[in-house]
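See below for the structure under consideration.
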Amino acid sequence: MLRSLVALILIALVSPVVDAQNNGLPKNQKDFHLYLLIGQSNMAGRGAVTDADKTPIPNILMLNQQNQWVPAVDPIHFDKPNIVGVGLGRTFAIEIAKQNPDAVIGLIPCAVGGSPIASWEPGGYHSETKTHPYDEMLPRLLMAMKVGTLKGILWHQGESDCQPQLSEVYESKLHTLIARLRTEVGDPNVPIVVGQMGQFPERPWNDDKKRVDAVHRNLPDQVSRTAFVNSDDLEHKGDNIHFNAESYRELGRRYANAYQTLVD
């Protein structure tokens, strides 16, 4: 595909190039398990960071903003440096590592706070961050796949599409995104896990949010090798939008459990 060719050209222009020998990556590409983290702010994470969150964990790495493999410490994402914090990714990796003790886990953070699903299309633009989420994600993903094996994709997004007109086309756009990603990576069966938006009593859901939620809930019945993660009983950080740090960690565990049901 033309997009894939363009992405490969972009890879060659991105610096520095990942170096397995100098970054502690496995010699065998199959032993480096990659997970793509995409969506908006509740994937990026906005939880308070503690010293424990900044402690490296053996065999768990992340691709940083400079495209270097480094220890996976929070904040993993870099979409909005002044507010990004603890997310679900690190806890997800910890749980997955327990099931794969001989592998190295590599997280590819690409979420962008506030991004609607339309910005996760080729050419899509997010004016708030002045980024092209999909177009900037793809070269990072393909670069990472040169040294590792993509094992799964995690998606947490939807709040920006909970409004008239946008919610009505959300299902079509999500299904198209999944198909496009699977085509780009050359794996029609790569597992994809989607998470539920926050359920906070202080911010009741309108009809549009219920419609987007139904798309998430129904995904496993409509698209193969996908799973849904609920946000039951999780708490916000005080803003009625973003989960608090402990809820992000619990969400990471739920993502890991859902992922395991797809691969077991």
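Here F200 meets the list (1) open to solvent by less than 20 Å² (accessible area, probe 1.4 Å); (2) under 11 Å from L262 (Cβ atoms) almost entirely, failing just condition (2). State which residue is farthest from M145 (Cα to Cα) when the search covers only the stretch 183-196 and only residues that are touching a Phe, Trp or Tyr at 6+ places or on another chain (Cβ under 8 Å) and in contact (Cβ under 8 Å) with a residue 60 or more places away in the chain. Ranking the candidates gives G195 first.
Just to be sure, is P133 of a type outside the set (S, T, Y), open to solvent by 10 Å² or more (accessible area, probe 1.4 Å), in contact with a helix residue (DSSP H, G or I) (Cβ under 8 Å, 6 or more places away or on another chain) and in contact (Cβ under 8 Å) with a residue 40 or more places away in the chain? No. Out of D239, D208, one residue alone is in a loop (DSSP other than H, G, I, E, B) and open to solvent by 10 Å² or more (accessible area, probe 1.4 Å). It is D239. Within the stretch 250-264, residues that are under 12 Å from N230 (Cβ atoms) and open to solvent by 50 Å² or more (accessible area, probe 1.4 Å) have Cβ atoms under 7 Å from residues that are modelled with pLDDT of 95 or more and assigned to a loop (DSSP other than H, G, I, E, B) in these pairs: E250/L234, counting only partners at least 6 apart in sequence or on another chain. Kindly evaluate Q99 against the criterion of being open to solvent by 40 Å² or more (accessible area, probe 1.4 Å) and more than 17 Å from M137 (Cβ to Cβ). Criteria met by Q99. L234 meets all of the listed conditions (1) assigned to a loop (DSSP other than H, G, I, E, B); (2) under 19 Å from G152 (Cβ atoms); (3) of a type outside the set (D, E, K, R) but one, namely (2). Would you say I57 is closer than 24 Å to G148 by Cα and touching a strand residue (DSSP E or B) at 6+ places or on another chain (Cβ under 6 Å)? Answer is no for this residue.
If you go through the stretch 94-114 and keep only what is of a type outside the set (V, I, T) and in contact (Cβ under 8 Å) with a residue 60 or more places away in the chain, you end up with E95, Q99, N100, D102, A103, G106, L107, P109, C110, A111, G113, G114.
Every residue, every condition in (1) basic (K, R); (2) farther than 20 Å from C110 by Cβ, yes or no:
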| position | (1), (2) |
| --- | --- |
| S167 | no, yes |
| L174 | no, no |
| A179 | no, no |
| R182 | yes, no |
| P191 | no, no |
| Q199 | no, yes |
| E202 | no, yes |
| L234 | no, yes |
| L251 | no, no |
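The residues of the stretch 81-96 that are part of a loop (DSSP other than H, G, I, E, B) and open to solvent by 40 Å² or more (accessible area, probe 1.4 Å), listed by number, are P81, N82, I83. Among the residues of the stretch 64-76, is any outside any loop (DSSP other than H, G, I, E, B), open to solvent by 20 Å² or more (accessible area, probe 1.4 Å) and at pLDDT 95 or above? So far as the stretch 64-76 goes, yes, one or more of its residues are outside any loop (DSSP other than H, G, I, E, B), open to solvent by 20 Å² or more (accessible area, probe 1.4 Å) and at pLDDT 95 or above. Can you pull out every residue in the stretch 52-63 that is surrounded by fewer than 17 Cβ atoms within 10 Å (Cβ to Cβ) and either touching a residue at least 24 places away in the same chain (Cβ under 8 Å) or assigned to a helix (DSSP H, G or I) (or both)? Scanning the stretch 52-63 gives A52, K54, I57.
The values are calculated or read from the model by the stated rules, or taken from the named source; none is laboratory data. Bear in mind the structure is a predicted one, so any value in this text is a computation, not a measurement. For neighbour counting, all protein chains shown are included, and Cβ atoms are generated from backbone atoms with ideal geometry for every residue, glycine included. Calculation scope for accessible area: heavy atoms of the full protein, side chains included, ligands and nucleic acids excluded. Shrake-Rupley method; radii C 1.70, N 1.55, O 1.52, S 1.80 Å.
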